[in-house]
Amino acid sequence: MKNSGNIIKKIILSAVFPILMFVVMLIITAGNEKCYINGKLIFLSADLVRQVIINSCMTICVALAIWLQLKNGRFDFSGGASMILTAIIAGNVGLMTDSPVVALLVAVITGIVLSCVTAFVYIIGRLPIIICTIGMTLLYESLTYLVSGGQGIRIFYSQAHTSVFGRIPGVLIPTVLAVAAFVLFTYFTAAGRKGKVLSNNQRAGVNIGIDEKKNVFVTYIFTGIIIGLAAIVYVSQHEVAPQSGLATSGIMFSYIVPVFMGTFIGLASCDVVGIAIAAVGMEIMNYGLNCLNLGAGGWQQIIMGIFVLGFYAFSAQTDRIQAFMAKRKKAAKSA
Amino acid sequence: MREKEKVTPADFLKQHVYDIAAYAGLIVTFILFLIFSGSRLSYNMATVLQSASAYSIIALGAVFVYSMGYMDVSVGQQVGVYAILMIMITNAMGGTAAGVAAGFLVILALALLCGAFNGAVAVWLKLPSIVTSLFLMFFFTGAQLLLMESTGTNSISIQAVIKPADRNMYNVMLVLAIVIVAVIVTYFFKFTKLGKYTRGIGANEVTTAQCGVNTTKWKVIAYMAFGVCVAVGSFIMLTRTGSAGKGTGSGYAMDIMICLILGGMPLSGGMKSKVSSALVGTFTYVLLTNDLTTMGVDLNMINFVKAVIFIAIIMVTCRKKDGVLPR
Amino acid sequence: MKKVWKKITAVLLAGAMTVLASGCGNSGGNASDSSSASSDSGAQTSDSGSAPAAEGKACTIGVAFYTDTGFAVDSTKAYLESLSDTLNVKFTYTVLTQTDEAANLTKIQELISSNVDGIICTMDLGMTSIIQECEAAGVYLGGYLCDYDTSFNTAYDQVFKSEYFVGTATDGQNPDDVTIGNTMFESLMEYNERNGDAPITHVSMAIFPTWAFPAQQIGADQFVAAVEAYNETAETPITVDPLNEESDVLAFAPIDTTYFAKHADSQAIISFAAGSAFVYPTMVQAGVDSSMKLFTTGYDGGEDANFGTTGKGTYQQTMVTAVESVTYPLVLLLNKINGAEFSDQPAEAERISTAQYVINSDEDMAQFQKSCFYTKDAANAMYTPQDVLNMTAYGNPDATYADLKGILSTMTIDSIK
Amino acid sequence: MAEATQHELVIEVKNMCKNFGPTRALRNVDVSFYRGQIRGLVGENGSGKSTITSIISGMQKATSGEVFYKGAAWNPGSMVEAQKAGISMVLQEANTIPDCTVAENIFAGRFDEFSRFGIVNMKKLNKAAQEILDSFGISHIRAADSINRYGFEDRKLVEIVRCVSDDTEIFVVDETTTALSMEGRQLLYKLIHKLKDNDKSVIFISHDMDEILEQCTDLTVLRDGEIIGHLDRSEMDKPNAEQVIRFMMVGREIGDAYYREDYDSSHGDKVALELKNVSLGEIKNFSLKLHEGEIIGFGGLSGCGMHEIGRIAFGLEKLESGSVERNGRKIKGCFEAIQSGIGYVSKNRDTEALILEGSIQDNIVLPSESELSRATFISPKREKQMADGEIEAFRIKCGDGRQWVNTLSGGNKQKVSFAKWTAKGSDVLIMDCPTRGVDIGVKQFMYGLIADMKRQGKSIILISEEMAELIGMADKIIIMKDFAVTMELKRDKDLSETDIIEYMI
């Protein structure tokens, strides 16, 4: 009984962020005349739900791919590049075969292959992960110019029958698969458990008998699956041009905020839920900003920056807050 | 008690393999440069000098930050905003020399402020300094867009003469600028507390702090030193075109990181950090890009070739021999 | 020891790869012996007094694109390469940024370093310093697909009066003679004629910021004026949502889904901004691609799948600049390099509007699909290599500047072979 | 050389050498281990005990020599390989994995045994882990709990549980007991005797002579990387066994210029460092006066709070109340501490005291840069002079000052972390376990140095886990337990370890 009560409490705690976001944006938009068309508040429309779901799904997929590596102690810079290259390959194949399902399969396979290549170079080269993945990012980005004649993929998303995974309800399929892959890996597989051990005490883990190289490979396979799924959502929603100069890291970074926020929010429940909720909250904010015409351009960047800093600064103080709370509790007890 | 060991050539190679690799990269790109520049060699030398000037000055400053094991992703946007501000201030003051000076002082002050922010706020709020620089990146991206929107054009030009009319004079000026900055940075990095402490912080922050070093203070100073170089670099970059736009400076942060890696700078910082990595890396990078263009490499292939070379070099310079995979 | 050598070999290998890769680039690009050709030209450029050969001297022209991929780039490359043998020109390419002057200057400097004799530049960013470089190196510069508006208005003396600037062929949106608003209106009328049962009566617009594309604001005003004139007599007047400064001006990011809420009654979007990249994706995402129509410019590939009555029929108009218009700067550059000049050559460089392929029906699309632009095949070009040679002053003594200018106005949808 | 002949030989080390750079840790060692034995390995720090076991159990490779395990050549590539072949080792340092459950800690290397198609059956895993814990008699540790909930001692027990399985043939206990309370020790003793009775072999490394004499069936003594001799049970039962063993270990009577010779505990009157009613966490109202020329020793089990006292005295901790003062000046951080002439040799030598990836010179001059700096300029020549002076004075074995610290042996590393403060000219030195992992020669050198410092009027806080060291060096010994002082002892010739121990446990 106590346990179920706990879960409900956790869920409510986790849900506070998007609800708060919704209320804040509602108040702001309601107070701004720009947000009314014919006396109707555009923030409160069916479009809000649709956009938030579509964009959250995209965010969740990418965020999970980033988080899976981070959780295992590696910061993988190349995730964005793998995703873009996968998206271009899968999109072109999907266009050729006229089948989104084939595209999905190709995306997952390509994602796995690229991730394995990254893992291979990492293991063989014994390079620090950031430097290694910067190199792989440059390589994958350069390959975006060499596949499909450097054209990227433009019309996959714009054809209704190929872009089913970019819209409701199709977008839910890759998202659910990505979440499933993440949960399966982290909470059920031996590799996930080993990864957890390695990330907490790498040397001890290796000494105890974990084959680190094998573990890295398996982790990358799962990352590859999630990257593939993220790629199919991405290519179903965007036109994908070839990239260069580590621009893909920018694409990846634009999804990284929910990762950090998610892990913090997830303290109240678990990381997957946290990331999902953070994604929803962020998208509500974005939609509200769009209603205010602040969704793009300079102000959006500045708001985003302040938001990131503020959130980070807040979450970094958790130990101070906890210490403060503990002190108060103690004081209350003794009193 | 002291036994001087004999240094064999093999040992020498082993100890200096990173340096050798970095310099080999520079030499190879330079030879290719000589071969493919053909009849316009002297012109092309000026080209390389000009495109490397801003990079090398900023990279030299970045040595302080990278030697602590930190990085700054906001540099590109800072350069952009500084260039635009410099133009706006100069033009507002009627394009006079005083305007140029005032503009430079303003961006210098801003750069120092950003340095202090990166150094101090990160410590106060217990944030990794990448987060504060991420914030600055967002902030300056926004500021750059807003500033350019306020001008109503996609490119604004400075109304003062900030570049000698004579091309040779200009090139000499650039060489002088690079040399002066390099000498100053070398001095501070090798012969003063600043460099010793930043390297110490990079190698082991706890130890350095326990040696009585106020790490917060020196972090701030290191970031500020970097800020000075960013301001100077922005000005040098501005002298090239005399104009700036929304994309000015974009990609600088990543390019400088690549330059430093190519020059053999360990991203984790520490005692192996060298000033020379900045110059070697920058010129390798600029020469490589130049070579690929003069050689007429297919546009779609250029990035691929660069990536392969980058991976080959890091395979040599960054390989770790340890029981566990490096993170 | 062994390991050390291994590492050193790796570096050298990387160097060797560079050489190899460059070899690939050369053989892929041009079959002619480039090294001798380029070194010759370097020496010959200076003595422009010598008598030009009919086929022109061997020379290299650098082409700086505004983007690295896309139909316009590929088809331009294909067309230029087809001219290479006949005109005795080798082409090398580079890509400029759209926002960074210093980066562009570097790219142009690199082109000059690789021994080009002339440059075709599709961007007007950092032009004052670029033209200085060209003057210093004795390299001529021409424009293509770009109105050089910034230079025209703020640096006319430095750029247009420079003897090294030959002029530019703009992409039909020259701020001096904007027609795009009227074109859009005509396409709308044509659509309503074809669809008399369900005409479009309410439209909204989208443009890029004025500072980047001044012609688009003018075009929008022109369109509104045309509609107002029409409404005075029409039975079913057309409503145009006035341009909302915030939501309808795209800061080079796709329009937002809230656009559709803000223009809830609109049946079609008249996008002066490149619609297939900045408007259409959002339409698909919001699910309005079958209920709303899009009149726009540019062709990125794939638009034909939903054009006119095909597919969802979202696209009802697009406009494309023919790749053959590159002949304008090319011919002027070749004249300069070969020391020849038209008898009616104007004293200062000009910017000339190119006629556009206006595609606003299924038939137009079918016609467009035969063009060099669409097929990326020079065999479909309007002008053969010999035609181009005949346009030059040295290849054809009778050729005139007026003819060359005239050619730009012929490049309409109907002239596609 | 008395060998128990009735036992079967299980592992044999022949002519083994191991060099760490210039240091020779093992010199031509021959030793055999038999089934049904608990063989103690004793010797001073750095005598090579751990080196032998770590080579046998795959942690490192021998420079030369051979090992035969069950009759075949044995050359394990990793600890994993050794463990699979039946050789398990419990290390001195904490080696559990934080943020994971106890069960995960126990089965980290063996998840696959509980997996089908790569999916781990956590229920089965937890159950198996609990069964093992129960069988070891430590049911108070719950398999499904996070390891973070348990203290150092329980974690050590989990480690032991992780190492020992049915397949274990050889079990190596490397100075594990220091971390354990009596209860934990009893558990471990029971375990090794059970293994012995099951005809397995146990290698037991400890500094606790009583423990060794009580628990081991055989004993091997090492000194400076060489086997000095073997003792069997009967020899160990002789009344003078302890003295014999000690003599074998040290090679001469203890007291000969090893520790301080004088028993003069006088010191200056001036207070060099004072802690006034300091409170931090568990430590409440702690006060201390350190005088000029005084050596105060702190003893206790790890976790008793003595290490924290060292950190507090150096200004590394933010105090809840009270103050640290030197010459009337309050010390609020290590910067002020160093400025007022305090130096600190951390017990975490490799992570706190030294920049491993830096040269000897870099390390030595780091605290003194301010003194070396002349109008911002730091002369490389003066730096080199300072470093070379210290290298010379400390007789640090190295090529030159540019050699990296991580290539040095433990003793020489420790010399470098001392040299930092002598170069700086610090008058008060706080040393936390200064002779941990240091070989006997260096140890002797250090003691000599500490004695010299006292004579020069410098003040020293000596925090140590080795009681002999405290007895041998300190003017006053403060024994701590559970973050409080349990006893203060004056320097006395007759002071013995047993006198101290009762206040520690």
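Within the stretch D:12-122, which strands (runs of 3 or more DSSP E) (wholly inside it) include 2 or more residues that are closer than 30 Å to residue A:71 by Cα and under 23 Å from the mean Cα position of the chain (by Cα)?
Details: elements: D:23-34, D:37-42, D:64-69, D:87-90.
Correct list: D:87-90.
Could you pull out the residue among C:90, C:77 that is facing chain B (nearest Cβ under 10 Å) and surrounded by 23 or more Cβ atoms within 10 Å (Cβ to Cβ)?
Just a single option satisfies the conditions, and that option is C:90.
Filter the helices (runs of 4 or more DSSP H) completely within the stretch C:104-195 down to those with at least 2 residues that are aromatic (Phe, Trp, Tyr).
The helices (runs of 4 or more DSSP H) meeting that bar are C:180-194.
Taking into account only those residues within the stretch B:28-57 that are among the aromatic types (Phe, Trp, Tyr) and over 16 Å from residue B:292 (Cβ atoms), which is farthest from the chain's Cα centre (by Cα)? If you could, list the steps in order and put the result at the bottom.
First, the residues of the stretch B:28-57 that are among the aromatic types (Phe, Trp, Tyr): B:30, B:33, B:36, B:43, B:55.
Those left that are additionally over 16 Å from residue B:292 (Cβ atoms): B:43, B:55.
Working: B:43: 24, B:55: 5 Å.
Applying the filter and picking the extreme gives B:43.
List pairs: first in the stretch D:109-120 and over 20 Å from residue D:80 (Cβ atoms), second in a strand (DSSP E or B) and among the hydroxyl-bearing types (Ser, Thr, Tyr), Cβ under 8 Å, 6+ apart or cross-chain?
Taking only residues 6 or more apart or on different chains, the pairs are D:119/A:189.
Could you tell me which of the residues D:265, D:201, D:234, D:165 is touching a residue at least 40 places away in the same chain (Cβ under 8 Å), among the small types (Gly, Ala, Ser) and closer than 24 Å to residue D:299 by Cα?
D:265
Please go through (1) within 11 Å of another protein chain (Cβ to nearest Cβ); (2) closer than 20 Å to residue A:218 by Cβ; (3) surrounded by 24 or more Cβ atoms within 10 Å (Cβ to Cβ) for residue A:115 and return the number of the only condition it doesn't satisfy.
Going through (1) within 11 Å of another protein chain (Cβ to nearest Cβ); (2) closer than 20 Å to residue A:218 by Cβ; (3) surrounded by 24 or more Cβ atoms within 10 Å (Cβ to Cβ) one by one, residue A:115 breaks only (1).
Does the stretch B:90-113 hold any residues that are under 25 Å from the mean Cα position of the chain (by Cα) and among the aliphatic types (A, V, I, L, M), and which are they? Working first, answer last.
So in the stretch B:90-113, the residues under 25 Å from the mean Cα position of the chain (by Cα) come out as B:100-113.
Scanning the stretch B:90-113 gives B:100, B:101, B:102, B:105, B:106, B:107, B:108, B:109, B:110, B:111, B:112, B:113.
If you scan the stretch C:257-277, which residues turn out to be at the interface with chain A (Cβ under 7 Å from one of its Cβ atoms), assigned to a loop (DSSP other than H, G, I, E, B) and in contact with a Ser or Thr (Cβ under 7 Å, 6 or more places away or on another chain)?
Answer for the stretch C:257-277, where residues must be at the interface with chain A (Cβ under 7 Å from one of its Cβ atoms), assigned to a loop (DSSP other than H, G, I, E, B) and in contact with a Ser or Thr (Cβ under 7 Å, 6 or more places away or on another chain): just C:257.
What are the residues in the stretch C:97-119 that are in contact (Cβ under 8 Å) with a residue 24 or more places away in the chain and more than 12 Å from residue C:130 (Cα to Cα), if any?
Once the filter is applied, which keeps residues that are in contact (Cβ under 8 Å) with a residue 24 or more places away in the chain and more than 12 Å from residue C:130 (Cα to Cα), the stretch C:97-119 yields C:97, C:98, C:99, C:100, C:114, C:115, C:116, C:117, C:118.
Is it the case that some residue within the stretch D:149-159 is under 30 Å from residue D:70 (Cβ atoms), without any contact (Cβ under 8 Å) to a residue 24 or more places away in the chain and acidic (Asp, Glu)?
Taking every residue of the stretch D:149-159 in turn, none turns out to be under 30 Å from residue D:70 (Cβ atoms), without any contact (Cβ under 8 Å) to a residue 24 or more places away in the chain and acidic (Asp, Glu).
Please indicate, with yes or no, whether at least one residue in the stretch D:121-135 is within 13 Å of chain A (Cβ to nearest Cβ), touching a Lys or Arg at 6+ places or on another chain (Cβ under 6 Å) and aliphatic (A, V, I, L, M).
No.
Is it the case that residue A:62 is surrounded by fewer than 20 Cβ atoms within 10 Å (Cβ to Cβ) and outside any loop (DSSP other than H, G, I, E, B)?
When the stated conditions are applied, residue A:62 does not pass them.
In the stretch A:69-82, is there at least one residue being over 24 Å from residue B:267 (Cβ atoms) and modelled with pLDDT of 90 or more? Can you show your working first?
Of all residues in the stretch A:69-82, those over 24 Å from residue B:267 (Cβ atoms) come to none.
No - not one qualifying residue is present in the stretch A:69-82.
Report, ordered by the first and then the second residue, all pairs with beta carbons closer than 7 Å, sequence separation of six or more or different chains, a first member in the stretch A:146-168 that is at the interface with another protein chain (Cβ under 7 Å from one of its Cβ atoms) and at positive phi, and a second member that is aliphatic (A, V, I, L, M) and not in a helix (DSSP H, G or I).
A:152/A:240; A:152/A:241
Considering C:253, C:286, which residue is touching an Asp or Glu at 6+ places or on another chain (Cβ under 8 Å) and among the aliphatic types (A, V, I, L, M)?
C:286 is the lone residue from the list that is touching an Asp or Glu at 6+ places or on another chain (Cβ under 8 Å) and among the aliphatic types (A, V, I, L, M).
Could you check the stretch B:188-264 for helices (runs of 4 or more DSSP H) lying wholly inside it with 1 or more residues that are among the basic types (Lys, Arg) and within 11 Å of chain C (Cβ to nearest Cβ)?
On the way: elements: B:193-203, B:205-210, B:215-241, B:252-262.
Counting at least 1 such residues, we get B:215-241.
Residue check, residue A:188 against (1) surrounded by fewer than 20 Cβ atoms within 10 Å (Cβ to Cβ); (2) more than 8 Å from every other protein chain (Cβ to nearest Cβ); (3) hydrophobic (A, V, I, L, M, F, W, C), all met but one. Which one?
(2)
Can you list the helices (runs of 4 or more DSSP H) found entirely within the stretch D:125-242 that contain at least 1 residues being in contact with an Asp or Glu (Cβ under 8 Å, 6 or more places away or on another chain)?
It comes to D:182-197, D:209-215, D:233-236.
Would you please list the contacts, defined by Cβ atoms under 7 Å and residues six or more apart or on different chains, that run from a residue in the stretch B:302-327 that is more than 7 Å from chain A (Cβ to nearest Cβ) to a residue that is assigned to a loop (DSSP other than H, G, I, E, B) and at pLDDT below 85?
So the pair list comes out as B:305/B:297.
The values are calculated or read from the model by the stated rules, or taken from the named source; none is laboratory data. No experiment lies behind these values; they were computed from the predicted model shown. With ideal geometry, Cβ positions are generated from the backbone for all residues, glycine too; neighbour counts draw on all protein chains shown.
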